[in-house]
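Everything on this sheet refers to the single structure shown next.
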Amino acid sequence: MDFGELEEDTMGMTITTGSCTLKKDDSNLVGISIGGGAPYCPCLYIVQIFDNTPAYHEASLAAGDEIVGINNKSVKGKTKVEVAKMIQQEKDQVIINYNKLHADPKQGKSLDIILKKIKHRMVENMSSSTADALGLSRAILCNDSLLKKMDELERTSELYSNLIEHTRQLLKSIFELSATHKAFGDLFASIGAREQHPNASEAFFKFGQSHRQIDKFAHQLMKTIKPMISDLNTYLTKAIPDTKLTIQKYADVKFEYLSYCLKVKEMDDEEYSFASLQEPLYRVETGNYEYRLILRCRQLARKKFAKCRQDVLVKLELLDQKHVQDIVFQLHRFITAMSKYHTDCYESMKSIVNIFPIEVDLPANILDFCKTNKETKSGYEFHDEVKSDTESEDDEEFNKFKSNNLLQETIDDKLIDISTD
């Protein structure tokens, strides 16, 4: 075929000339795959740069660049097999003359690529048979294990949410219980202050102080556990969402890379189909620049995909380490604080067991307390006051009750025992 009949269609892309020297590896390879060439395409170009090869480390060549010479010898009109043999025949190193393709990746991101990206997103969780039926089985990265980490993160997030909620409920219950203990402590201390019997007064006061101590222990427990909620909440609201966002970005880049892979495959199938029919294909005869643009976009997408994948792996590893270390630390702090609280409460109550039984002089107490704040605290004497008719009647009834029922019992004071079971 006479390639001079059609001019190259560069699609607005520019090229610059250059050359690079590649030292061969132990396998006598430079790390490139070649496409195009006679008899269908007027130029030969690089299809792919393989990782960790001389061409990859030299970094001058890229997918889509045209090969114009080997060791300054023109390759125009040659087939890709002939050019590959020219490279293999060279020992130690080879000089590759090329035309660098300057392509804008945005130009290659067509509507077809976007639609393919949507398809890959839809079939991410499909079975292989379903993907085969839809013609997407070539997407070998479908059902990526890293994306399944999203489900694990959801379960971890739910675990932390439940743990935080239960801890808050526990703190609320402890607070209410401490308020009850404080009320008991104040009540018993008040009774002890009014009790005339010395031993009973001291016993009630100690009992009240013990309950007040329990209230203090509860507040110390809450101060210890409260930071636990803050730490767990930080992991829940910052670490996990950040990792999810990274995985989502990784998935987006991955789907884009798969779309370019699928596009390249479709264009290859189209070339093979026209070649089998011995029919000319316009884009091939004019330099195959559209195909070379997709090759460049695929290489850039692959590079971005590899970087995002590495970022996801690092973040997931750090998140797993933090999860294991953090959950162990928080549970240890929680259990230690609860154990100390119960031990302190036990010791506080244990120290007052010997105060029982409490002896209270009940008749004397009944006579001692009066209905008004103006009674005297010694004996049965009352202040003389100007009283209304109603108050006088009440005093007469009270004095009658004292004389008939209580004053007879002052001779032999009956003591009442108040003790625990």
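One way to sum up the overall shape of region 155-300 is the equivalent ellipsoid from its Cα gyration tensor, whose semi-axes run 81, 10, 7 Å, largest first. Residue ranges 106-114, 288-296, 37-45 sort as 288-296, 37-45, 106-114 when ordered by packing (mean number of other C-beta atoms within 10 Å per residue, highest first). For Lys76, a cut-off of 21 angstrom between C-alpha atoms picks up these lysines, skipping any fewer than 8 places away in its own chain: Lys85, Lys100. Using a simple spin-label model with pseudo-atoms 7 Å out from Cα toward Cβ, Lys244 and Lys216 lie 4.5 nm apart. Placing a label point 7 Å from the Cα of Asp268 along the Cα-to-Cβ direction, the residues of region 31-52 with a backbone N closer than 13 Å are 33-36, 47-49. Taking every Cα-Cα distance in region 290-363 and sorting them into 5 Å bins starting at zero, the pair-distance distribution P(r) comes out as 3, 11, 8, 8, 7, 7, 7, 6, 6, 5, 5, 5, 4, 4, 3, 3, 2, 2, 2, 1, 1, 0 percent. In this calculation the C-beta distance from Val353 to Lys172 is compared with R0 = 41 Å, giving a FRET efficiency of 0.85. For a 21 Å ceiling on Cα separation, which of these pairs sit above it: Lys80/Lys117; Lys149/Lys263; Lys148/Lys263; Lys116/Lys238; Lys206/Lys350; Lys24/Lys265? Pairs exceeding 21 Å: Lys80/Lys117; Lys149/Lys263; Lys148/Lys263; Lys116/Lys238; Lys24/Lys265.
The per residue volume of the convex hull around the alpha-carbon atoms of region 208-287 is 85 Å³. Kindly state, to the nearest 0.05, the FRET efficiency for Ile114 paired with Thr180, given R0 = 51 Å and r defined as their beta-carbon distance. The pair Ile114/Thr180 has a calculated efficiency of 0.20. Rounded to the nearest 20 debye, the dipole magnitude of region 159-251 is 320 debye, with +1 charges on Lys and Arg beta carbons, -1 on Asp and Glu beta carbons, and the Cα centre as origin. Protein-only accessible surface at a 1.4 angstrom probe places the residues Tyr56, Tyr98 in the order Tyr56, Tyr98, largest first.
The simple Förster model, with R0 at 22 Å and r as the Cβ-Cβ distance, assigns Gln310 and Glu58 a FRET efficiency of 0.50. The stretch between Leu159 and His342 holds 63.2 nm of extra length on full extension. This uses 0.36 nm per residue minus the Cα-Cα distance. Given +1 at the Cβ of Lys and Arg, -1 at the Cβ of Asp and Glu and no other charges, the dipole of region 252-319 around its Cα centre is 560 debye to the nearest 20.
The accessible area of Ile96, taken with all protein chains in place and a 1.4 Å probe, comes to roughly 0 Å². Once the chain from Glu202 to Leu187 is taken as fully extended at 0.36 nm per residue, the excess over their C-alpha distance is 4.0 nm. Convex hull volume of the Cα atoms of region 47-127, normalised per residue: 173 Å³.
Taking +1 at the Cβ of each Lys and Arg and -1 at the Cβ of each Asp and Glu, which of Thr237, Tyr250, Leu221 sits farthest along the dipole of region 218-257 towards its positive end, judged by Cα position relative to the Cα centre? With unit charges placed on the Cβ atoms, the residue in question is Leu221. Summing Cβ point charges (Lys, Arg +1; Asp, Glu -1) relative to the Cα centre of region 1-104 gives a dipole of roughly 420 debye.
The values are calculated or read from the model by the stated rules, or taken from the named source; none is laboratory data. Since the structure is predicted, the reported quantities are computational estimates derived from the model, not experimental observations. Backbone-built Cβ (ideal geometry, glycine too); neighbour counts: all protein chains shown. Surface areas here come from the heavy atoms of the whole protein model, side chains and all, with no ligands, DNA or RNA. Shrake-Rupley method; radii C 1.70, N 1.55, O 1.52, S 1.80 Å.
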